[in-house]
Amino acid sequence: ARSLVRLAELGLPVPPAFAVGATLWRVLRLGGPPLPGTLANAGDLSALEVACQALQVAPWPPGFIQELDAALASLARTSLERDGVARRFSVRSSADVEDRVGGLAAGLYVSRLAVERAEVPAAMRDVLTSFLTPAAWAYATASTRRTRAPDPSSNAGEARHGDGYGAVLIHPFIE
């Protein structure tokens with residue numbers, strides 16, 4: 001999402017889109033099992049899997065689905081007005097560790113393409129849980145170590161990944 005904003009600021013064409021901030025990921029993680037600070041052993045991998053399963057079934061915050069539906073309706077209208085066609089959607093990760101100087105994580109997280117409107121919440125769940133795959137967690141942990149010191153008060157490193165870890169970008173699917 002940050003890269004699209006930068007491109008738009010430069011006057012380049014970007015698709016209409018909206019981002020669901022990392023606050024949703026943190027809210028869904030509230031009360032969930034602790035995350036490992038490293039992936040040094042089988043217990044760490046198991047803890048990550050348990051956290052992933054908990055995220056899959058965590059209830060959406062009150063009113064979230066209604067807000068999402070309204071945002072999708074607005075995005076569909078914008079797409080229809082702009083391109084003459086109401087499209088399906090792309091649901092993509094938008095982590096702060098994906099696209100920064102000195103690091104690139106394209107393809108590390110899940111993207112869902114050609115998603116029907118009714119399936120966007122499930123696609124978001126897929127994207128959000130992809131932040132907890134072993135590869136994604138190891139990359140984010142290593143990337144965070146390179147950019148700032150770990151927060152010793154965090155839940156086994158959970159807060160170290162920054163405000164953008166767990167964000168989702170939604171835009172019309174471009175055929």
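A few comments on the model shown:
- The modelled label-to-label distance between TRP60 and LEU39, using points 7 Å beyond Cα along the C-beta direction, is 2.9 nm.
- Rounded accessible area of THR133 (nearest 10 Å², 1.4 Å probe): 50 Å²
- Using the Karplus relation 6.51 cos²θ - 1.76 cosθ + 1.60 with θ = phi - 60°, the per-residue 3J(HN,Hα) values for the stretch 111-128 come to 10, 10, 10, 6, 8, 5, 3, 5, 9, 4, x, 5, 5, 4, 4, 4, 5, 4 Hz, with x marking Gly and Pro.
- Nearest-0.05 FRET efficiency for THR23 and SER74, computed from C-beta distance (R0 22 Å): 0.65
- The stretch 1-89 pair-distance distribution - Cα-Cα, 5 Å bins, rounded %: 2, 12, 14, 14, 15, 13, 12, 10, 6, 2, 0
The values are calculated or read from the model by the stated rules, or taken from the named source; none is laboratory data. Everything quoted here is computed from the prediction, not taken from an experiment. Virtual Cβ from ideal backbone geometry, glycine too; neighbours counted across all protein chains shown. In case anyone asks, the SASA skips ligands and DNA or RNA and just uses the protein heavy atoms, side chains included. Shrake-Rupley method; radii C 1.70, N 1.55, O 1.52, S 1.80 Å.
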